[in-house]
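To keep things clear, I will list the structure first and then write my remarks on it.
Any read-out appearing in this document is the output of simple, stated calculations on the displayed coordinates, not a laboratory observation. Model, not experiment: these values are computed from the prediction. Here the Cβ positions follow ideal geometry from the backbone for every residue, glycine too, while neighbour counts run over all protein chains shown.
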């Protein structure tokens, strides 16, 4: 078992920000996101602006201003704000639809869901060596977040009287969300190449990481393959999220909201998938394995029923 705690300044994870999702949060189409790939010179910016039809030029100028404000905020916060990651690397096995995590204090059962339609009917437990082999595999568990100060109060320098408090708050929140995801991206790279080390010879560009050309996968809680948000309680029991300032609500939501959590797999054939609809039989079986009443699990899995 290995536990790792990582802390970064914003400039250390800024290269790992996927600006496509930042601009999507502001309702800008994907074609505007390549503003983040420009050389920061007047000529390149002018050429980029001229590449849009006249009907879209005002929107492109708005994108440029938004991107400039975001980078200005990052520079301002670089000395006062940190992003954080907790990672646990454990020996583990798969057993039917369960992941069995072997810790120093005994085994922890982390139940998974299985697809009930399609050709493969995938389950994350399938990507670990079965316990019946008598050999142990490995799995990672992680959580990333940002300092609460970033989502509570992050004034932009030099913008007094020009931006509303609502704008500053939204800019800070959307950027905080991206920094939490960027921290997960950098953390995962370091885990693959250093701490777990199963891909020590990996040499990928940031863009290739966004395209997930690395070996293994990093499914996040709340996403289609891990729809049960209550899994955060199990992750918390393993990592103690409070070590990086993260707390959980009664529903398993993380606070601050700009946080991510999930699992790490090294299997070369691991791929993302969506659980989709499940039947009452799997709901009751899953509830039993989670040691929770079916009615409670029904609330957590409402979108899958």
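Considering only 146, 63, 13, the mean-square fluctuation computed in a Gaussian network model of the chain, springs between alpha carbons under 10 angstrom, is largest for 63. With both labels modelled 7 Å from their Cα along Cα-to-Cβ, the residue 211 to residue 50 distance reads 3.0 nm. Mean-square fluctuations from a GNM of the chain, with a 10 angstrom spring cutoff on Cα atoms, peak among 95, 237, 27 at 27.
Could you work out the helix-only [θ] at 222 nm for the chain, with each DSSP H run of four or more residues adding -39,500 (n - 2.57) and the total divided by the number of residues, to the nearest 500 deg cm²/dmol? Intermediate values should be presented prior to the final figure.
Numbers: 10 runs with 107 residues, N = 305.
Taking each H run of at least 4 residues, the total per residue is -10500 deg cm²/dmol.
If you line up the long axis of helix 165-190 against the longest principal axis of the chain, both from Cα atoms, how many degrees apart are they, to the nearest 10? Value to nearest ten degrees: 50. In terms of the Cα gyration tensor, with a ≥ b ≥ c the square roots of its eigenvalues, is segment 19-114 rounded because a/c is under 1.5, prolate because a/b exceeds b/c, or oblate? Prolate shape, in that a/c is at least 1.5 and a/b is the bigger ratio.
Can you work out the FRET efficiency for the pair residue 165 and residue 95, with r the C-beta to C-beta distance and R0 = 51 Å, to the nearest 0.05? Computed FRET efficiency for residue 165 and residue 95: 0.45. Using the alpha-carbon atoms, what tilt in degrees (0 to 90, nearest 10) does helix 54-77 show relative to the longest principal axis of the chain? For 54-77 against the chain, the angle is about 70 degrees. Note on 296, 99: ascending count of other Cβ atoms within 10 Å places them as 296, 99, the fewest first.
Mind ordering 176-182, 40-46, 277-283 by average Cβ neighbours within 10 Å, highest first? All intermediate terms of the calculation are to be shown ahead of the outcome.
On the way: 176-182: 24.0, 40-46: 10.6, 277-283: 13.9.
Descending packing order for the listed peptides: 176-182, 277-283, 40-46.
Listed by Cβ neighbour count within 10 Å, with the fewest neighbours leading, 260, 174 appear as 174, 260.
How would you classify segment 132-264 from its alpha-carbon gyration tensor, with a ≥ b ≥ c the square roots of the eigenvalues: rounded for a/c under 1.5, else prolate if a/b is greater than b/c, otherwise oblate? Please report the intermediate quantities before stating the final value.
Working: a/c = 2.63, a/b = 1.56, b/c = 1.69.
Since a/c reaches 1.5 but b/c is at least a/b, the shape of segment 132-264 is classed as oblate.
Provide the percentage of antiparallel DSSP beta bridges, counting only those with both residues in the chain; round to the nearest 5. Intermediate values should be presented prior to the final figure.
Values: 38 of 39 bridges.
Bridges in the chain that DSSP calls antiparallel: roughly 95 percent.
Is the shape of the chain rounded, prolate or oblate, going by the alpha carbon gyration tensor and its root eigenvalues a ≥ b ≥ c, with a/c under 1.5 for rounded and a/b larger than b/c for prolate? It is prolate, given that a/c is not under 1.5 and a/b is the larger ratio.
Which value in Å does the Kirkwood hydrodynamic radius of segment 42-96 take, with 1/r averaged over all unlike C-alpha pairs and then inverted? Don't skip to the end; give the middle numbers.
Details: mean 1/r = 0.0649 Å⁻¹.
One over the average 1/r among Cα pairs gives 15.4 Å for segment 42-96.
For the chain, a Gaussian network of Cα nodes joined below 10 Å ranks 53, 147, 236 by mean-square fluctuation, and the top entry is 53. Here segment 209-248 is scanned for amide nitrogen atoms under 19 Å from the site 7 Å beyond the Cα of residue 103 along Cα-to-Cβ, giving 221, 229-248. In plain terms, if you count all Cα to Cα distances in segment 228-305 and split them into 5 Å steps from zero, the share in each step is 3, 12, 22, 19, 20, 18, 7, 1 percent.
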